[in-house]
Each structure stands twice: as structure tokens, then as C-alpha cells.
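*Asks:* Could you have a look at this structure, given as C-alpha cells, before my questions?
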Amino acid sequence: MVSIVIVSFNTVRELLACLESIERSAPSVPHEVILVDNASADGTVEAVRARFPAVRLIANDANVGFPKANNQALPLVRGEYVLFLNPDSGVEPGTLDRMVAQLETFPERAAVGPRVRKPSEFKSHNCARRLPTLWTEFCDLSWLARIFPRSRLFAWKYYAGWDGTTDRDVECLLGAAMLCRTAQVRALGGFDESVPLYLDDMDLCKRLGELGRLRYLSGVPLLHHYSVSTRKQPAALMKRLGLQATYQYFVKHRGRGYARAYVAIVAAVGLASFPLGFARLIGGSLKKARRRWDEGRVFVDWAWRSKAVTYTLPRL
């Protein structure tokens with residue numbers, strides 16, 4: 001049996017579509033759905049109870065965050081495998097069957113992930129990536145990975161030179177859709193509830209990777225609409241949260257010296273954004289210049305205050 005765990009927060013429309021896709025696409029795989037709702041105010045609980053009475057529902061009185069909500073579901077999980085699934089995802093025919101077959105056939109694997117995509121793309125680069133290092137984050141922050149997406153030097157984080165059309169072992173899968181062995185997740189204590197948004201799946205993948213291989217499956221597609229809840233938040237705040245998450249990942253897994261070096265990189269890239277913005281302006285693009293300047297201000301501000309401030313937002 002597969003236990004599908006979904007955490008929701010004010011995404012009733014997307015959630016109902018997700019549950020419908022599971023019902024439609026996975027009839028041949030014994031499964032259960034456990035939904036943990038983080039105090040949504042959009043009628044999520046009532047809608048799910050009315051339309052999907054078989055869903056096992058935990059309705060929280062407060063928003064406890066993504067890691068803790070997933071951990072609330074773990075004691076209820078009855079399946080040998082657990083699929084962590086975002087509510088803005090759509091399961092396609094054969095997706096669950098193929099993912100389960102990959103774990104059943106290869107006992108050395110700790111987790112598998114599908115080819116996650118948006119409606120307009122073949123594959124999201126985030127669904128198969130390396131864990132962060134100073135170099136990968138420098139290339140991301142400085143836009144080198146985007147400017148040279150085929151470079152194995154600058155786009156190393158996303159396995160440049162590989163187009164995603166073949167299966168491969170990866171360091172990090174996307175937490176929006178990841179099938180794991182229930183016993184292993186429980187042995188690890190589930191998600192680390194102390195980590196911030198954007199770090200939860202990286203941290204779990206890091207720990208799962210010490211137990212076995214993580215496998216990206218090219219022939220197993222899953223439609224994902226991406227961060228429906230987070231899109232409602234200010235862009236600058238979301239950038240700060242991403243920086244804070246990476247910083248805390250480095251503190252936990254690499255040490256404070258490594259994390260301080262990351263702060264220095266963020267500050268340097270932020271300062272460099274201002275002359276680069278002027279170059280964009282001279283090139284005739286005020287929009288791109290403003291984008292550089294705004295990003296630079298966020299980076300410099302975060303680096304200046306990183307030791308004293310932990311950025312927060314309504315938990316998603």
C-alpha cells in the first residue's frame with residue numbers, strides 16, 4: 001500500500017483537482033490519502049469531507065508549518081511506501097504504479113521522484129538537482145547558471161549536459177512529489193521541524209541519501225503548478241526565506257564557517273548587482289535594471305542582518 005500525504009493551506013481549488021487526479025489515475029495501486037490542513041480559511045476541510053469522505057483528514061487549529069504537518073501524518077501511515085505530494089500537483093495515469101515498481105525492484109533506493117513539470121515545460125530543473133554548495137549557490141545568485149545553462153561548470157547544480165530524458169541518481173529530489181520507504185522516513189524522525197521553508201526537502205534528501213540512492217524517473221510525469229501559496233507572498237520576502245534556508249542548511253550540514261562564507265558570497269553578489277543594473281540601464285532596459293537593483297538590495301540587506309534576523313511568514 002502507498003500512503004499519500006498532502007499538506008494544504010488555502011489551496012482548496014488546487015487540492016480538489018489533485019484529489020480528483022489521484023482518484024482517476026491510481027485505481028490499480030492500493031493507496032490511502034492522508035490530508036493535513038493547516039487551518040485553511042477557504043473551506044478546504046468542508047469541501048474535502050463533502051467530496052472525498054475516504055480521505056483521512058487532520059484539521060489543525062493553527063498553521064503548524066509544512067514539516068510538522070507531514071510529521072503529524074506519519075503515525076497514521078499504513079503503507080509500506082509514503083508519497084509526499086503537494087496539493088497543487090496532478091497525478092497522471094501510471095505515475096504511482098511506476099514509482100512503486102522502482103522502489104520494489106531496487107532495494108538500494110531510498111526514494112524516487114517523477115519528472116515534475118509545469119504545463120508549459122518538459123521538466124523542472126528543481127526536480128533533479130545537487131545539494132547546495134558554495135559554488136552552486138554562487139552560480140545561482142549571480143545568474144551564471146541561467147546565462148550558461150549548458151555549462152557543466154556554471155550549471156553544475158542542475159546536471160548541465162543532461163536533458164532529463166533519462167533516469168539517473170541525483171542528490172536531491174523535489175519534496176512536492178517524492179516516494180519514500182515509510183520505515184526509513186520514520187527511522188529518520190520524519191522532517192526536521194526546526195528548519196525553515198525551502199530547506200525541508202533538501203534536508204530530508206540529504207539524510208535519505210545516507211541510507212540509499214535517490215532516483216529521478218524521466219518516464220514518470222507529474223504536473224505541478226508550483227507554490228500556489230507562496231506566490232501570494234511578497235517576492236522580496238520569499239527571496240530572503242530562500243537565503244535563510246540555504247544558510248541554515250549550511251550551518252546544520254557544513255558548519256558555521258561554511259555558512260559565514262555563504263553570507264559573504266550573498267553580500268558580494270548583492271553589491272555587484274548595482275553596477276550590473278546600470279549596465280542594463282545603459283543597454284536600454286529599465287525593467288531589467290530595476291530587477292537587478294531590487295535583488296541586490298535584498299541580498300545586501302539579508303547579508304547585513306543574517307546573524308540577527310530569521311525571516312518568517314505565515315507557514316505554508
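Laboratory data are not the source of any read-out in this text; all were calculated from the coordinates shown. Since we're looking at a predicted model, the values are computed, not measured. All Cβ positions, even for glycine, are placed from backbone atoms using ideal geometry, and neighbour counts span all protein chains on display.
*Asks:* Could you please report the charge total around residue 140, scoring K, R as +1 and D, E as -1 over all other residues with beta-carbon less than 13 angstrom from its beta-carbon?
*Replies:* Values: positive: 129, 130, 146, 157, 239; negative: 137, 295.
Residues near residue 140 contribute +3 overall.
*Asks:* Let me know the charge dipole size of the chain about its Cα centre in debye, to the nearest 20, where only the beta-carbon of Lys, Arg (+1) and Asp, Glu (-1) is charged.
*Replies:* 1320
*Asks:* Then there is this: Could you work out the longest stretch of the chain that avoids the chymotrypsin sites (Phe, Trp or Tyr not before Pro) located in DSSP loops with at most 16 other Cβ atoms within 10 Å?
*Replies:* The answer is 1-121.
*Asks:* What shape does the range 1-91 have by the C-alpha gyration tensor, where a ≥ b ≥ c are the square roots of the eigenvalues, rounded means a/c under 1.5, and otherwise prolate means a/b greater than b/c and oblate the rest?
*Replies:* Because a/c hits 1.5 or more and a/b fails to exceed b/c, the range 1-91 counts as oblate.
*Asks:* Something else now. What's the center-to-center distance, using Cα atoms, between the range 159-182 and the range 1-55 in Å?
*Replies:* Using only Cα atoms, the two centres lie 24 Å from each other.
*Asks:* Counting Lys and Arg as +1 and Asp and Glu as -1, what is the net charge of the other residues whose Cβ lies under 14 Å from the Cβ of residue 149?
*Replies:* +3
*Asks:* Quick one: Karplus J couplings for the range 216-221, per residue in order, coefficients 6.51, -1.76, 1.60, θ = phi - 60°, nearest Hz, x for Gly and Pro?
*Replies:* 8, 10, 5, x, 10, x
*Asks:* What list of whole percents do you get for P(r) of the range 16-146, with Cα-Cα distances grouped in 5 Å bins up to the one holding the largest distance?
*Replies:* 2, 8, 15, 18, 18, 16, 12, 8, 4, 1
*Asks:* Right, another one. Among the complete DSSP H segments of the chain, which ones combine at least 20 Å of alpha-carbon extent along their axis with a mean Kyte-Doolittle hydropathy of 0.0 or more?
*Replies:* Once both thresholds are applied, what remains is 256-282.
*Asks:* Counting only Cα, what are the radius of gyration and maximum Cα-Cα distance Dmax of the chain, in Å?
*Replies:* Cα-based Rg and Dmax for the chain come out at 19.9, 61 Å.
*Asks:* Next question, about the same structure. What net charge do the residues around residue 17 carry, taking every other residue with its C-beta under 12 Å from that of residue 17, with Lys and Arg at +1 and Asp and Glu at -1?
*Replies:* -1
*Asks:* Among the listed pairs 68/123; 68/157; 118/252; 118/206; 157/239, give every one whose C-alpha distance is greater than 23 Å.
*Replies:* Pairs exceeding the cut-off: 68/123; 68/157; 118/252; 118/206.
*Asks:* Just flag the GluC sites (Glu not before Pro) in the range 1-47 sitting in loop per DSSP whose Cβ has no more than 16 other Cβ atoms within 10 Å.
*Replies:* none
*Asks:* How about the range 96-138: which GluC sites (Glu not before Pro) there lie in a loop by DSSP and see at most 15 other Cβ atoms within 10 Å?
*Replies:* 108, 121
*Asks:* Not counting the cut sites, what is the longest span of the chain without trypsin sites (Lys or Arg not before Pro) that DSSP labels loop and that have at most 16 other Cβ atoms within 10 Å?
*Replies:* 153-253
*Asks:* Tell me which GluC sites (Glu not before Pro) from the range 168-226 have a DSSP coil assignment and no more than 10 other beta carbons within 10 Å of their own.
*Replies:* Answer by residue number: 210.
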